[in-house]
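These notes are about the structure you will find just below.
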Amino acid sequence: MLRILIADDEYLAIEAVKKIIKNNIEDANIVATASSGKEAIIKVNELSPDIAIMDIQMPGIDGLEAIRQIKASNPNILFIVLTAYDLFDYAKESIGLGAVEYLLKPIKKDQLLMAIEKASKIVKSKQIQNKWEYELKEKLTLVSPLLENQFITQHMYAFEEFFSKDFYENLFEINLEKGCAITLKITEDGPNDYKTSSQTQAFFETARILLKKIAPCIVSQSVASKQYAWVPNTDDRRTSDFLIDEIKSLHQKLSRQFPYEFKIGIGSLKDYENIYESLKESELAAFGDYKVNVYEADNSVNESEVKDYAYQLVRLAENIGRLDFVGAKHSLKKFHDKISHLSAHIYKQRLLEALVICEKHLPIDMTQKTGEKIERLLNSDSILEMANQFSNFILQWDSEAKAQLLSIEEGVIPDALKYIDKHYNENISMDFVAKQVNISYHYFSKIFKQKIGKSFTDYLTDLRIEKSLEMLSRTQKSVKDISLEIGYNDPNYYCKIFKKITGLTPTEYRAGSDK
């Protein structure tokens with residue numbers, strides 16, 4: 001049933017509109033009438049109609065001002081504007097406020113019915129969309145933990161993007177532009193008698209709940225007595241200080257509930273393209289001396305106390321990513337020392353994991369030879385043979401990566417910009433563009449920001465908004481159509497980004513450019 005409110009200071013005008021609606025529209029319910037703008041505002045707030053048929057000229061608060069105030073608190077209500085004055089400025093302003101139609105008095109039946117039919121289609125479309133979104137959110141609630149884990153895994157191990165930043169921001173309804181990573185790690189010297197799988201699961205699930213009470217965030221599932229989280233930072237502070245007190249409080253609450261010895265590491269504040277760095281930093285910080293440790297570049301970990309091979313794996317991958325192959329050989333020796341006591345089978349698993357992670361950190365894409373390296377490791381039987389194979393891999397990376405970089409680096413950014421400018425309206429990601437120019441995600445992120453002065457995400461967003469400004473000024477395309485043409489499937493998200501950058505909504509910008 002279509003819910004309609006009629007606002008007009010003329011009694012006969014209200015009765016005429018009521019009669020037309022009652023005699024011609026079966027599924028319409030006139031929920032209220034109002035004789036002033038103030039009364040209309042009050043009744044809309046009380047009754048939430050779908051459509052308000054509003055006269056512009058009313059005593060006190062006029063129709064246009066009433067529409068402004070109603071839209072501020074009830075953005076989904078549609079308006080049909082009535083007036084006895086054929087004034088272009090009134091029509092323009094009412095349409096700018098989102099009115100569906102602008103009708104001149106005396107009202108003609110056919111015109112009013114066509115206007116209501118038009119508004120009715122919009123209302124029904126929104127209802128179907130809202131129902132679909134509600135059902136989708138219900139389904140996503142069930143898979144949300146899996147998608148959160150996927151997000152963390154994607155950045156932790158530099159895997160190809162499963163979904164775009166926009167997808168995750170809309171799904172989780174949080175701004176992922178910058179933030180800090182957290183690692184929560186049960187230490188080996190805890191009371192092992194209590195470490196049943198059900199209690200450990202309860203520990204990490206409680207940690208997830210408490211983390212989400214601190215701030216909207218993304219939390220992974222637990223793996224090998226560790227759990228990771230990405231906590232977006234919505235204020236202007238440039239360090240992880242905004243988290244420290246909250247995380248200390250979280251540690252106290254968990255300690256009171258569970259008999260575990262555990263530590264929490266906090267990574268430094270990073271933007272979206274460098275989440276992986278903060279995740280690695282938080283993991284290193286979790287090896288620190290205190291219950292809660294904040295990553296410090298020069299003194300975050302006491303190496304003599306590290307008992308987990310992961311620290312040396314991270315160091316190995318970092319050296320590979322920097323093309324510091326002398327440092328990589330040193331890190332490989334330490335990594336080997338940490339896992340050499342394992343069986344040959346487990347040692348091989350650890351080296352295979354290290355191979356995948358290290359190749360993902362190389363500044364150029366060399367994964368085409370990964371299969372060959374994996375086969376060589378699989379065919380190795382002894383720990384010494386496998387260690388020598390990996391050492392040879394480092395020598396290969398050294399010669400091949402440096403040679404390729406010298407030949408391609410100069411043309412990378414121009415080629416990338418050409419690709420972005422041509423495909424900006426498609427669902428492209430930084431990882432995808434990096435592959436087009438044949439370098440790694442991380443190296444591309446680094447040199448793109450160095451050369452352009454802004455991140456890939458900011459550049460793509462600015463380009464899309466710039467293109468939409470041209471369309472708003474030069475065409476009469478709808479905001480929805482423009483949103484789709486520049487690569488945003490959700491017009492609401494486009495409007496939010498547009499206002500963030502320009503300070504205006506697309507409709508306000510268009511109205512200003514028409515003057």
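Bear in mind that the values in this text are calculations on the coordinates, not laboratory data. Source: prediction; values computed, not measured. As a convention, Cβ positions derive from the backbone with ideal geometry for all residues, glycine included, and neighbour counts pool all protein chains shown.
Could you put Lys38, Lys270, Lys108 in order, starting from the residue whose Cβ has the fewest other Cβ atoms within 10 Å?
By the 10 Å Cβ count, ascending, the order reads Lys108, Lys38, Lys270.
May I ask for log10 I(q)/I(0) of the stretch 408-513 at q = 0.09, 0.17, 0.23 Å⁻¹, from a Debye sum over the Cα atoms as equal point scatterers with solvent left out?
Result of the Debye calculation: -0.26, -0.78, -1.15.
Sorting Trp397, Trp132 on the 10 Å Cβ count, fewest up front, what's the list?
With the fewest neighbours first, Trp397, Trp132 line up as Trp132, Trp397.
At 0.36 nm per residue, minus the direct Cα-Cα distance, what do Ser255 and His330 gain on full extension? Give it in nm, one decimal, please.
That works out to 23.2 nm of additional length.
How large is ³J(HN,Hα) for each residue in the stretch 260-269, as worked out from phi by the Karplus curve 6.51 cos²θ - 1.76 cosθ + 1.60 (θ = phi - 60°), to whole Hz, x for Gly and Pro?
3J(HN,Hα) across the stretch 260-269, in whole Hz: 10, 8, 8, 10, 10, x, 10, x, 7, 5.
Provide the three semi-axes, in whole Å and in decreasing order, of the ellipsoid equivalent to the stretch 1-142 as defined by the square roots of 5 times the Cα gyration tensor eigenvalues.
Output for the stretch 1-142: semi-axes of 27, 17, 14 Å.
What FRET efficiency comes out for Ser164 versus Gln69 if R0 is 56 angstrom and r is the Cβ-Cβ distance? Round to the nearest 0.05.
In this case the efficiency is close to 0.90.
For Lys422 paired with Thr502, estimate the spin-label separation in nm (one decimal), with each label point 7 Å from Cα along the Cα-to-Cβ line.
According to this spin-label approximation, the distance is 2.8 nm.
Just the Cα atoms of the chain: what Rg and Dmax do they give in Å?
That works out to 30.0, 97 Å for Rg and Dmax.
Quick one: what are the phi-derived ³J(HN,Hα) couplings along the stretch 213-221, Karplus 6.51/-1.76/1.60 with θ = phi - 60°, whole Hz, x for glycine and proline?
Those phi angles translate into 6, 5, 6, x, 8, 10, 10, 7, 6 Hz.
Considering only DSSP beta bridges with both partners in the chain, what is the antiparallel share in %, to the nearest 5?
Antiparallel bridges: around 45 percent, rounded to the nearest 5.
Would you work out the charge dipole size for the chain about its Cα centre, treating the Cβ of every Lys and Arg as +1 and the Cβ of every Asp and Glu as -1, and quote it to the nearest 20 debye?
Computed charge dipole of the chain: roughly 400 debye.
From the phi angles alone, apply the Karplus equation (6.51, -1.76, 1.60; θ = phi - 60°) to the stretch 318-326 and give each ³J(HN,Hα) in whole Hz, x where the residue is Gly or Pro.
So the Karplus estimates, Gly and Pro as x, are 4, 5, 4, x, 8, 6, 8, 7, 5 Hz.
For Lys43, Lys212, what's the fewest-to-most ordering of other Cβ within 10 Å of each Cβ?
Least to most surrounded, the residues fall as Lys212, Lys43.
Could you pull out every residue, at least 5 positions away or on a different chain, whose amide H is within less than 5 Å of the one on Leu2? Hs are placed 1.01 Å off N in the peptide plane, and Pro or chain starts have none.
Amide H neighbours of Leu2, under 5 Å, 5+ apart: Ala28, Asn29.
Amide H neighbours of Ala286 under 5 Å, counting only residues 5+ apart in sequence or on other chains, H built in-plane at 1.01 Å?
Long-range HN contacts for Ala286: Gly265.
Efficiency by 1/(1 + (r/R0)^6): what FRET value for Glu400 and Ile122, r their Cβ-Cβ distance, R0 = 56 Å, to the nearest 0.05?
0.45
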